1. Considering only residues that are in a helix (DSSP H, G or I), over 18 Å from residue D:76 (Cβ atoms) and either more than 14 Å from every other protein chain (Cβ to nearest Cβ) or open to solvent by 30 Å² or more (accessible area, probe 1.4 Å) (or both), which ones fall in the stretch B:150-179?
2. Filter the stretch C:137-196 for residues that are within 22 Å of residue C:58 (Cβ to Cβ) and β-branched (Val, Ile, Thr) and give the result.
3. Of the conditions (1) open to solvent by less than 20 Å² (accessible area, probe 1.4 Å); (2) without any contact (Cβ under 8 Å) to a residue 12 or more places away in the chain; (3) not β-branched (Val, Ile, Thr), residue B:257 clears all except one; give me its number.
4. Out of the stretch A:147-168, which residues are open to solvent by 60 Å² or more (accessible area, probe 1.4 Å) and either near ligand 2 (Cβ under 9 Å from one of its atoms) or farther than 24 Å from residue A:209 by Cα (or both)?
5. Between B:219, B:320, B:212, which is of a type in the set (D, E, K, R), over 23 Å from residue B:119 (Cβ atoms) and surrounded by fewer than 23 Cβ atoms within 10 Å (Cβ to Cβ)?
6. List every residue pair whose Cβ atoms lie under 8 Å apart, where the two residues are 6 or more positions apart in sequence or sit on different chains, the first residue falls within the stretch A:460-477 and is charged (D, E, K, R), and the second residue, located anywhere, is in a loop (DSSP other than H, G, I, E, B).
7. Considering only the stretch D:1-70, give the helices (runs of 4 or more DSSP H) lying wholly within it that have at least 1 residues that are in contact with a helix residue (DSSP H, G or I) (Cβ under 6 Å, 6 or more places away or on another chain) and open to solvent by less than 10 Å² (accessible area, probe 1.4 Å).
8. Sort out for me the helices (runs of 4 or more DSSP H) sitting completely within the stretch A:82-160 that have 1 or more residues that are away from every other protein chain (no Cβ under 12 Å) and either touching a Ser or Thr at 6+ places or on another chain (Cβ under 7 Å) or not acidic (Asp, Glu) (or both).
Amino acid sequence: MATPITTGTVPAQDLSAHGYAVEADVLLAATDIAKAFSGVPALLDGRIKLKRGSVHALCGGNGAGKSTFLNILMGLLRPDSGTVMREGRVVHYASAAEALEDGIAIITQELSPVLDMTVAENIYLGREPRRGGWFTDTAKMVADATALFARLNFNIDANAIMRDLSVAKMQLVEIAKAISRESQILIMDEPTSAIGEKEAGTLFEAIRSLQAQGVGIIYVSHRLTDIFAIADEYTVFRDGRYIESGPLANIDRQRLIGLIVGRDLRDQEPRPARERSELLLEASDYSRKGQFEDISLSVAKGEILGLYGLMGAGRSEFANALYGNAPKDSGSVKVRGSALTIKAPSDALRGGIAMITEDRKGTGLVLSASVSENIVMAALHRFSRFGFMSRSREFKTVTDQIARFRIRTASKDLAVQNLSGGNQQKVVFARCVETDPVILICDEPTRGIDEGAKREIYSFLSEFAARGNAVLMISSEIPEILANADRIIVFRRGRIAGEMFAADATQEALVHLAS
Amino acid sequence: MTVELSPTSTDSRRAMAGRLLSRYGILLAFIILFVVLSFAHQNFLSTGNITNVLRQVSINGILAVGMTFVILTGGIDLSIGSVLAFAGIVAGMLVTGADPSNPALALLAAVGVGAAFGAVNGVLIARFKVTAFVASLGMLSMARGATLLISDGRPVPNLSAEFRWLGQGFVGPIPVPVIAFAIVFLLAWIVLRFTVYGRWIYAVGGNVRSARTSGIPTRTVVFSAYLIMGALAGFAGAILTARTTSALPQAGLGYELDAIAAVVIGGTSLVGGVGSVVFTLIGVLIIGVIGNGLDLMGVSSYYQQIVKGAIIVAAVLIDRSRNSQS
Amino acid sequence: MTVELSPTSTDSRRAMAGRLLSRYGILLAFIILFVVLSFAHQNFLSTGNITNVLRQVSINGILAVGMTFVILTGGIDLSIGSVLAFAGIVAGMLVTGADPSNPALALLAAVGVGAAFGAVNGVLIARFKVTAFVASLGMLSMARGATLLISDGRPVPNLSAEFRWLGQGFVGPIPVPVIAFAIVFLLAWIVLRFTVYGRWIYAVGGNVRSARTSGIPTRTVVFSAYLIMGALAGFAGAILTARTTSALPQAGLGYELDAIAAVVIGGTSLVGGVGSVVFTLIGVLIIGVIGNGLDLMGVSSYYQQIVKGAIIVAAVLIDRSRNSQS
Amino acid sequence: ADYRIAAVVQSLDTEFNVLWANAANAHPLVKDGSVELTILDGRMDPLNQSNQFDTAINEKYDAIIFVPVDINAGNDPVQRARDAGVPVIGSNTLISDTSLYTAYISSNDVAAGEILAKSVVDRMGGKGNVVIVEGMIGQSAQVQRLEGIQKALAAYPDVKVIETRTANWSRAESLTLVENWLTSHGGDIQGIIAENDEMAIGSLEAVKAYGLDPANVPVAGVDGVTDALLAVQRGEMMSTLQDADAQAQGAIDLALAAAEGEGYAPKAAVWDVNGGTLAWDNGKGTQYSVPWVPVTAENVEALLALREAK
Ligand SMILES: Nc1ncnc2c1ncn2[C@@H]1O[C@H](COP(=O)(O)OP(=O)(O)OP(=O)(O)O)[C@@H](O)[C@H]1O
Ligand SMILES: Nc1ncnc2c1ncn2[C@@H]1O[C@H](COP(=O)(O)OP(=O)(O)OP(=O)(O)O)[C@@H](O)[C@H]1O
Ligand SMILES: [Mg+2]
Ligand SMILES: [Mg+2]
C-alpha cells in the first residue's frame, strides 16, 4: 500500500480508511488525548486503536509523548482532554488500580520495583494470594512465581531480594509481573531496553502466545528490529502529535524511521579499519569472587573496544570495578603506560576515565537536580573559579550540549526526573562528555535512545575515538556492537571467553562464544 | 540456563545469610549489653528487676510498635506524646468522681480519642500531602493545648481502683502493662509479617509509586498507619494514667523521641520499607535496659547521660560494622 | 531543530512562572499571616516589635541555617540544642571571673567546640554509616551530660559586659544577634547557591551514588555539613549566652525541633537534595511571627498552643495546595 | 557504708535541684562514707520517678527521699515503698497524701506565692498593672505558687493582672514573652511576678532591654538561685530563698532517724540555724516546715559568700 508520508494529523473518521477492523474487535481506543505539565504541552493529540490479538507498536522519538500517553491510558496520569474507550465504554481511570481492574496492565519504562522486597512479593504486589481472607499465602506466592518463571523461561530466584538483582533481571521481573496479571491489554514501555537479546527472544515467544490468546499488546521500543519481528501494527507520534498508523506489513524500515524522526538520517559510515597503536588503557587481573575473574584487557588510542556477553556475564560489574564504583578483589590499571590507583570514581575521573553507568536512576542521575546541574556535575572545576560557579560558562555549555544531543526539555532548569527516558540518558551522556575524558566507558550507552539520537551518539563515539581517545563500550545489542566496535571481547560467566576483530565477527560467532 | 542458575542461587543464599547476621547485629549488641550488666550488678538478673524492666519499657514499647507502622510507611509521628496525654485525661475524667465508669469503657474512650487524633494526622498526610513532620508537629502543639484546656492544666486525681489495675495490677506474676505490651507486640508482629495489609505497609514505604501502580490503595494504607499509631498512643495514655494514678496534663513530654529512637536503633530505616517490629522490640529493650542498669549501678545523672548516649551509638556501630560488607 | 525549540522557550517561561508560584506558596502563607497580624494588633508593625521579632528569631535562625545544610544532604542533627548549651558554658567560663578573656576569643572557642561536636557526628555518619538520627541522638545525650558535668548543673554568672554585648548590644538600631544571623544567612545563601561546594551538597542529598559516580567526595561533603552545623550551634550558643546574661546548662532544650521545623515548613525535603536557605528563612520567620503575634494579642497559654499548631499546618497546606496540580 | 539511701529527685538540670543534690552530698555522714547516697534523676517525668521507686525498692535501700515531679502521681510509688517496708521522706515539693510519708520537710509553696506577690505589689504602692509569668502548667510548684499569688492579690483591689502565661520555668522563654508583652502594653506594666527566679531574670533582661529602669518595674522570683542573688545585690530584683540545705540535709537526717530508730542524733548543721525555727523534735515529727528567707540587701552578701564556699 502506497500511503504517502503524512506529516500533519489524520482526521479521526479517516482511520477506517487505513484498514481498521470493525469496532467489535477494538479493545481500546483513545482519541485527542492531550496533556501539559505546568503549562508545557507534552502530548497534544494522542491516539491509538488497539485490536484484540494484535501487537501494536507505538513509535516516536525521545520525548514524543509515548510514555505520557501510556501512563494516561493506565490511569497513572490524568489527561487534560481526550477520550479513552474500552470496548465501547468511555472510561476515566482515576488510578492504576481501576485500570488493572478493567483488564489493563503495564510495564512502565522507569522501573520502580520495591527494592527491599523479594521477587515474588514484587510480582504479586497488591494481589497477594491469601489464606483465610487476611493472611498472605507466602508459600503459594513463591511457588506461583517460580512456576511463572519456569513457564517464561526466565532464570530468576523468586526468593531473591529485588535490590540484589541487576537492572536486567529487574526488568524481567517487571515483565513477568505484567504477564502474570493475565489482563486483556498489556502495555509494554520499552521492555527490552535493559535486557539481552536472548531474553528478548524469550519475551517475544511469550508475547506471541499471549497474542494467540487474544490479548492486545501496545509495544514501545526504539529497537526497530524488535518491532519488525513482533508487531503487526504501528502508530507513530512525533513531538506530541499523532502522525500515522497502519499495518506494519505496509511500511518499511526506512520510511518508519523517517516518520519517527521527521527528517532524513544520513547512513552510518562504516568504521574504517585501523592499526592498533599506543595503548591508552591496560587493565590486568581484575577479579571479584563470584562476579568476574582474571579479566585483563587493553584499549588502544583511537580504538573502540566492544564488550559483549549475555545478561549477567559480569561486564557491568567489571566496568564498575574498573571505574572505582564497585569493590574488587584484585586488579590494576595503567593509563598511557603509567599505573593509576583507582579507589573511587573521583580517581578515575582525575585519570581521564569517565563512565556512563547502566543504571541511570541509581548511579547516573541526580533526579531531583536540574538538567543543567546534572550536565556539569562531574566537571564542576571547569565551570568555576575560586570555588564559585561561573553561571555564564555553565549556561553556554549546557545550551550547547542540549542542542548537540537534541535533549528535549522544557528548560535547562527542569528537574531531570521530568524528562523522558531517552532524554535522561542523553543527559548522562552529555555529563560524561563534559569531563573531557581520554577514556570513555559506556555501559549500554544507547539504552532507550531513539534511532536519530543513536546515530548522533555513534558518530560522536567514532569522532571521539578518532581524536586519539579510547572507548570501552558494553552493549547487549549485537548489531550495535558489530557496527561500532573495532574489536570485541566476549564475556562468559565472569571470564573472557574470546576476542575478535569486528570485521571478522558475525552474530553467530559472538553468540557462540558468549553461551 | 542452568549454568547461570547455580551461582545466582548460592549467591542469593549467601547474601541472605549475610543479611541475617547483619540484621541481627543489633541483637548481638543487646546481648553484649545484657551480659555486661548482669556481671556489673548482682540484682540485674533478679526476677524482681526483670519484671521492673519489662514494666518500665511497656509504655515506650506500645508507642514504638505504633511508630514502627508509621516509619515503615516512610512517615513519622511527633504528636504521640501529646495525644497520649490527651487520651489519658479523657480516660481519667471518666473514672474519677462519685460514679466512675467501667474501666473498659475508659480504655476504649482513650483508644478512640487517640485514633481520632491519628485520623487527623492521617488525613493531612495521606490526603493533603502535608509532610508528616510538619503535620504531626502541628498536632503535637494542638493536642497539648487541648489537653491543658480540658484539664485546666491540673491533674485529674482519685481514679477508680478498677481502672488503676490497668497500670498497677498483676496477672499471676506478670504486671498488666507488660501483658498489654505483649499483646500489642504480638498482634503487630502477626499483622506485619503474615497479612496482606502488612505487605502493603512495606510496599508503600518501599516505593509508593510502584505500590500505586500495582493497585494498592496507598492513601488508605498511609492513613491507617497513623490511625493505628494514634490508637496505640491512646492505649498507652490510658495505661500510663492508670500507672501514675492520676491523669497528668504534662504526661508524655518528649516520648516521641524515645519511641522513634527505639525503632531506629532497631535498624528500621526512616526512609521506610525496611525493618521489623522484632527489631523495634530489641531497640525498646536496649533503651530500657540502659536506663535501668545505670540506675541500678547508681551512676550519677550527668555521667548517665554521657554513658547512655555512648551506648546507643556503640550498639548501632556494632550493628553497622556487621553490615558494612556491601 | 527549530521546530522542536520554538514551543520549548515560551513554554519554559510559563513553566518557570508556575514553578515560582508553587515554590513560593510558603511565602504567600507568610504574607497572609503577616498582614493578618498587622491588622490584629496595632503595635505589630512598630519598629520596636519588628526589632524584637528579628532578635527573637536570630538564634533559631542561625541553627536553622546549619540544619538546612544537614537536611539538604539527607541527614538530620538532633544534638544541636545540647551542643549549643555546651558551647555556651565554655564561652561563659572564659568571660567570667576576675580576668575575663576577650569576647572574640570566647566566641571563637564556642564555635570551635561546636565544630568539634559536629565533627564527631560527621565521622559517625559519613565514615561509620551510623544513621544520622541515632548518631545525633547519642550526641544529644552525651553533650548534655558533658554540659551538666563541666558546669556542675549550675549557671555560669557574671559574664563580662563586652561579651554580653554580643547578645544585648546594638549596631545603630540593629541588635547584634540580628546582624549575626544576617551574616550567617547571607554566607550560607552564597555558598549554597553560587559555589561548587553548594552543588555538591545538593548532589549528595539528591543521590549519593550518582554523586559518587560523578567524582564528588561524598563522605567529605556529608562530614562538612555536620561540621558546619556544629560550628553554627556553637556560635548560636555564644550569642544565646550573651543574651541570657549567664551561661545556662539547660539552655537549648528542644531547640533542634524548632530548627528542623523551620527548615521543613520552608519546604526543604527531609529526603535531601531539594530546598533552599531562603525558604528556611521564611520558615524561621513564620515560627517567630506566630509566637510574637499570639503573645501580643494576649492569647492564653492553652489556646496559644492550639492556634500555633493550627497555623503551622495551615501555612504548609497553603503551600501544598498551590503545588498540587501535578 | 552503714546505710544506703536513694534520693529520687525531679531533675538535675535545674539549678535548685542541683543545689539540693549538692547539699545532700555535703551531709557529714555522706561525706565520710557511712551513708551511701544514690541520687536518681527523674528527668521531670512522673513515670520515670515511679520506675525509679521500683528500682530502689527492689534494691532494698534503707530509705528513700522523694522530691516528686507531680503531687498526685507521687502518691502511688510512696505507697508501694511503704508496703515494702521502706521509709520515705518527702522533701521540697509534696505529694497530695502526705500521710503516706514517714516524715517530710518542705517549704510551703503557697506561702512563697504570697511573699512573692506581696513584695512586687508593695513596691508598686499597692496599685497598677502586673503580669504573671508561670511555671510549667500542672506542676505542683506552679499550681501552689499561683494559688498564693492570687490569695495575696485578692487583698489589693487596685492591682490588675493584665497577662498570665507560662514560660515553662525557662529564662529564654520568659525573656521573649516579656519582650512581647512590653511591646503590646507599652509602658503599661508596673510589676512582674515570676514563679521562679530563672523566669524573673529573663523578665528583668527584657525590662532592661526595653529601656526601662528596673527600679520602676519591680520584678520578683522565688528560689534564690545564684543569678537572682546577684541581681538582688545590684538592686534590680527581689527574690525569696528556698533553703536547699535545710531541705536536703534535713531529709537525710530524717531518713536516718527512720532507719536507725530511737536515739539518732542529727548530724546536719541545719537544725539550729535561722533562729531555731526548725526544731529537730527528736526526729519524731512528721512534718517540718523550712521557712522562706527573703533575700535582702542586708543578707545577700552572706548568702553569696555561703554559695561561693561550696
Ligand atoms: N512530570 C513532568 N513534568 C514536566 N515535563 C514532563 C513530565 N513528564 C514528561 N514531561 C515531558 O513530556 C515530554 C514527553 O515525555 P514522554 O516521557 O512521554 O516521552 P517518550 O515518548 O516516552 O520518550 P522516550 O522515548 O525518551 O521515553 C518530554 O518532553 C518530557 O520532558
Ligand atoms: N547490584 C547487584 N547486587 C548483587 N549482584 C549483582 C548486582 N548487579 C549484578 N549482579 C550480579 O552480578 C553478576 C554480573 O552482572 P553484570 O550486571 O555485571 O552482568 P553484565 O554482563 O553487565 O550483564 P547485564 O548488565 O547485561 O545484565 C550477575 O550474576 C548479576 O546477577
Ligand atoms: Mg518513554
Ligand atoms: Mg550490564
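1. B:150, B:179
2. If the condition is that a residue be within 22 Å of residue C:58 (Cβ to Cβ) and β-branched (Val, Ile, Thr), then C:147, C:156, C:171, C:174, C:176, C:178, C:179, C:183, C:184, C:190, C:191 are the ones that fit.
3. Exception for residue B:257: condition (1).
4. Those that are open to solvent by 60 Å² or more (accessible area, probe 1.4 Å) and either near ligand 2 (Cβ under 9 Å from one of its atoms) or farther than 24 Å from residue A:209 by Cα (or both): A:159, A:163, A:164.
5. Details: B:219 fails: over 23 Å from residue B:119 (Cβ atoms); B:212 fails: over 23 Å from residue B:119 (Cβ atoms).
Checking each option against the conditions leaves just B:320.
6. A:477/A:223; A:477/A:446
7. Details: elements: D:15-25, D:28-31, D:46-58.
In the stretch D:1-70, the matching helices (runs of 4 or more DSSP H) lie at D:15-25, D:46-58.
8. Values: elements: A:96-101, A:119-123, A:138-152.
By residue number, A:138-152.
The values are calculated or read from the model by the stated rules, or taken from the named source; none is laboratory data. The model shown is predicted, which means the values in this text are computed figures rather than measured ones. Here the Cβ is made from the backbone with ideal geometry for all residues, glycine too, and neighbour counts use every protein chain on show. Accessible surface areas use protein heavy atoms only, side chains included; no ligands, DNA or RNA. Shrake-Rupley method; radii C 1.70, N 1.55, O 1.52, S 1.80 Å.
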